[in-house]
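Working notes for the structure below.
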Amino acid sequence: MKAYSLFLLLLIFVGWAHAKKPNFVFLVSEDNSIHYLKHYGAKFGRMPNVEKMAERGVTFNHAFSNAPVCSVARSTLATGILAPRGGFQYHRKAELASLPKGVLPWSAILRDSGYFCANNRKQDYNFKSNGTKSWDESSNKASWRNRPNKDTPFFYMQSMAQSHEGSLHFSKKVMEDERTKTPVGEVDLHPYHPDTPTFRYTHARYYDRIELIDELIGGVLKRLEEDGVLEDTFVFYFGDHGGVLPRGKGYAYESGLHVPLVIRIPENFKNLVDLKRGTRTDGFVNFIDFGPTVLNLAGIKVDKRLDGQAFMGRGISAKELEARDETFGYADRFDEKYDFVRTYRKGKWKYIRNYQGFYPDGLQNNYRYRMLAFQEWRELFKRGKLSDEQSQFFKARPAEQLFDLSEDPHEVNDVSGHSDKQDILSELREKLQRKVKAINDLSFYPESHMIDRALKNPLAFGQDHSEEITKLVDVADLALLSFQKAMPKLVKIFQNGTEWEKYWASMVCSQFGQKAKPLSSHLKKMLSSKNLMLRMRAIEALALTEKIDPMPSLIDTANVSESSVEVLLILNTVTFFRDHHGFELNPKLLKIIAPKGEYDRRIEYFSQN
């Protein structure tokens with residue numbers, strides 16, 4: 001009888017052990033790429049608590065946020081869906097994109113599976129969903145300690161804003177009065193930054209912020225240990241996207257996309273992971289993969305509609321992970337500043353496709369230029385005091401670029417024109433072309449059109465318009481040909497193409513600039529189009545091909561639009577021509593009738609500058 005009782009107890013214990021699920025904690029430093037951590041090779045930015053996590057876990061040398069800015073990266077992270085496919089690629093959203101019926105943020109899937117999910121506290125999502133909410137609680141008081149009982153597994157996420165871009169919006173007086181812990185004279189500057197006291201102080205101050213983040217991480221780890229759950233918990237530390245020194249956050253370079261990721265593997269669940277603790281892996285992982293990874297570790301089936309794949313847990317070998325060497329990135333609107341960049345990296349090679357390369361990276365963004373370093377950088381450019389590498393940020397970009405990151409980690413030496421690099425250029429170009437077509441990239445429509453037609457179900461809209469998007473990608477890629485080869489194809493589009501094909505043909509002309517002057521007669525025919533976005537692109541192209549003053553026509557177009565998002569794009573172009581081509585603007589002529597919107601940032605800028 002005694003033996004039988006012991007046997008029953010053993011069965012109960014085995015069953016309990018089998019049923020017990022791991023906990024998960026995400027500790028997120030805002031606006032932080034690998035370039036500011038000593039753990040990743042920087043001269044400063046020591047994080048002893050993160051380094052202790054690495055001793056009991058794994059350091060990922062190649063982790064990527066997919067997007068270089070908060071709301072887009074966080075929406076990608078929360079859903080496991082690529083933002084241009086999901087319709088939440090613009091920062092910040094003009095309207096929320098809806099996830100399809102049955103598709104939930106993966107934290108909601110955890111909740112449906114019995115997890116307590118707490119977020120402290122930043123969300124910043126560009127989507128909405130129907131069904132289970134993402135969090136049991138989301139506030140600055142949220143904690144795993146608030147779960148209903150100690151046996152409930154939990155997912156806890158904490159964002160640390162002490163490294164946010166706003167921490168570098170200091171005044172000249174602060175720079176003069178407050179010394180940094182990091183020695184200003186010893187920091188290593190990026191090659192695209194000028195060597196000035198302002199840039200040195202900004203770098204040093206940011207290193208100090210990194211050390212503050214580490215203290216906060218240490219506090220969370222201590223509380224987990226005090227609660228007796230540390231060895232039941234996978235603890236992820238990572239940056240929510242790239243760092244905030246100029247040309248980081250908001251830009252699809254490695255400085256904007258390449259984030260630190262260290263995962264502490266708990267003793268009680270180390271059997272779930274085919275990775276040795278205390279090691280580093282070169283396998284590529286992306287934000288779209290984090291959700292599937294957590295679900296896989298928790299023993300929960302991963303929805304096949306997600307774009308990511310698990311990189312830890314059952315069925316994932318260390319060898320297979322190490323072989324992963326590709327990542328896809330995207331950058332679209334950032335506040336009032338529009339861009340359209342897609343990137344594809346394979347191993348050491350990085351391909352960048354600038355779909356609106358005629359806009360410079362340095363185009364005005366009010367929040368960016370609150371930083372003294374940004375202001376000084378632009379002023380030095382205007383005065384002709386920068387080197388070629390330092391000036392690139394303020395100049396037009398080629399339609400495509402290729403970088404060898406093993407030789408050029410800061411992406412300042414474009415080798416796309418080198419004869420011995422044409423094979424890898426073609427390979428990555430084709431990979432990116434296939435990718436944007438496969439995901440039905442919604443940025444091939446203007447944002448205003450996407451809002452009007454797609455956001456109720458972006459994934460379904462993309463599928464329904466897949467053939468049209470494929471055609472638009474092909475039109476856009478005429479910019480990759482010589483003008484002589486592209487011209488007859490463009491003429492045919494202007495004569496017989498759809499409105500959106502003509503829209504892209506106009507942007508191709510803008511990319512070619514004065515070479516496209518022979519197509520001016522076709523562009524002029526679109527100046528009276530009822531499609532205001534097509535009209536705007538024709539005005540833009542004529543200004544770049546024939547130097548025709550675009551301001552009167554752009555102002556007229558902005559004044560008749562009833563869409564705040566259309567006005568936002570038009571004023572983006574107005575800013576471009578005023579600041580970078582010297583066309584004069586009289587802001588008093590703007591009599592906008594559209595509802596209030598993000599374009600107010602441009603109005604504010606015009607009134608002050």
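The values are calculated or read from the model by the stated rules, or taken from the named source; none is laboratory data. The shown structure was predicted, so the numbers you read here are calculated from the model rather than taken from an experiment. Cβ: placed from backbone, ideal geometry, glycine included. Neighbour counts: every protein chain shown. Each accessible area value is taken on the protein alone, full model and side chains, heavy atoms only, with ligands, DNA and RNA left out. Shrake-Rupley method; radii C 1.70, N 1.55, O 1.52, S 1.80 Å.
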**Request:** With a length cut of 18 Å (Cα positions projected on each helix's long axis) and a Kyte-Doolittle mean of at least 0.5, go through the chain and give me the DSSP H helices that pass.
**Result:** 2-19, 532-546, 564-581
**Asked** Could you name the lysines in cross-link range of K319, using Cα to Cα under 18 Å and dropping any fewer than eight places away on the same chain?
**Response** K270, K276, K346
**Message:** Once ligands and nucleic acids are excluded and a 1.4 Å probe is used, how much of R397 is accessible, expressed in Å² to the nearest 10?
**Reply:** 10
**Request:** Enter the accessible area of K270 (Å², nearest 10), with the probe set to 1.4 Å and all protein chains included.
**Result:** 90
**Asked** Hey, which aspartates and glutamates would be in cross-link range of K547, C-alpha to C-alpha under 17 Å, not counting anything within fewer than 8 residues on its own chain?
**Response** D579, E584
**Asked** Do you know the relative contact order of the chain, to the nearest whole percent, from alpha carbon pairs under 8 angstrom that are 6+ apart?
**Response** 16
**Item:** Of all accessible heavy-atom area on the stretch 433-522, the percent that carbon and sulfur account for (1.4 Å)
**Value:** 46
**Item:** Heavy-atom accessible surface of the stretch 57-182: percent carbon and sulfur, 1.4 Å
**Value:** 43
**Message:** I'd like the accessible area for K385: 1.4 Å probe, protein heavy atoms, all chains in place, Å² to the nearest 10.
**Reply:** 130
**Prompt:** Of W135, W504, which has the most accessible area and how do the rest follow, probe 1.4 Å?
**Reply:** W135, W504
**Request:** Find the accessible area per residue for the chain; the probe is 1.4 Å, ligands and nucleic acids are left out, and the unit is Å².
**Result:** 41
**Asked** Can you list residues whose amide H is under 5 Å from F155's amide H, if they're 5+ apart or on another chain and H is modeled 1.01 Å from N?
**Response** F24, F116, C117, A118
**Request:** Work out how far the C-alpha atoms of the stretch 112-198 reach from end to end along every principal axis, then list the three figures in whole Å, largest first.
**Result:** 54, 29, 24
**Request:** Mark the label point 7 Å from the Cα of Q608 along Cα→Cβ and return the residues of the stretch 171-207 whose backbone N is within less than 18 Å of it.
**Result:** 171-174
**Item:** Calculated on alpha-carbon atoms, Rg and Dmax of the chain in Å
**Value:** 25.3, 98
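Which order do you get for D414, D232 if you rank them by accessible area with a 1.4 Å probe, largest at the top? Before the final figure, lay out each step's value.
Numbers: D414 55, D232 15 Å².
Ranked from most to least accessible, the order is D414, D232.
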**Complete:** Under the helix-only model (-39500 (n - 2.57) for each DSSP H run of 4 or more, divided by the residues of the chain), the mean residue ellipticity at 222 nm, to 500 deg cm²/dmol, is -12000 deg cm²/dmol
**Prompt:** Among rounded, prolate and oblate, which fits the stretch 493-609 when a ≥ b ≥ c are the square roots of the eigenvalues of its C-alpha gyration tensor, a/c under 1.5 means rounded, and a/b larger than b/c means prolate?
**Reply:** oblate
**Fill in**
At 20 °C in a medium of viscosity 1.002 mPa s, the stretch 206-363 has a Stokes-Einstein diffusion coefficient, with Rh taken as the Kirkwood radius over alpha carbon pairs, in µm² per second, of 120
**Asked** In this model, which of K350/K517; K21/K101; K181/K382; K141/K222 are farther than 21 Å apart at the alpha-carbon?
**Response** K350/K517; K21/K101; K181/K382
**Prompt:** Hey, what D do you get for the stretch 410-559 in µm²/s if you plug the Kirkwood alpha-carbon radius into Stokes-Einstein at 10 °C and 1.306 mPa s?
**Reply:** 95
**Request:** Quickly work out the E55-to-K485 label distance, labels modelled 7 Å from Cα along the C-beta direction, and quote it in nm with one decimal.
**Result:** 5.7
**Asked** What whole number of Å gives the distance from the Cα centroid of the stretch 193-237 to the Cα centroid of the stretch 123-183?
**Response** 12
**Request:** State the antiparallel share, in %, of DSSP beta bridges confined to the chain, rounding to the nearest 5.
**Result:** 50
**Prompt:** So what is the relative contact order for the stretch 444-550, in percent, with contacts set as C-alpha pairs under 8 Å and at least six apart?
**Reply:** 22
**Message:** Taking the Cα centre as origin and putting +1 on Lys and Arg beta-carbons and -1 on Asp and Glu beta-carbons, what dipole magnitude results for the stretch 434-543, to the nearest 20 debye?
**Reply:** 420
**Prompt:** So how much slack lies between E430 and K346, counting 0.36 nm per residue of separation and subtracting their Cα-Cα distance, in nm?
**Reply:** 29.0 nm
**Item:** Distance between the stretch 54-96 and the stretch 286-325 - C-alpha centres, whole angstrom
**Value:** 15
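Where does each of E389, E336 land when they are ordered by accessible area, with a 1.4 Å probe and the largest first? Walk me through the intermediate numbers first.
Working: E389 65, E336 0 Å².
The ordering from most to least exposed comes out as E389, E336.
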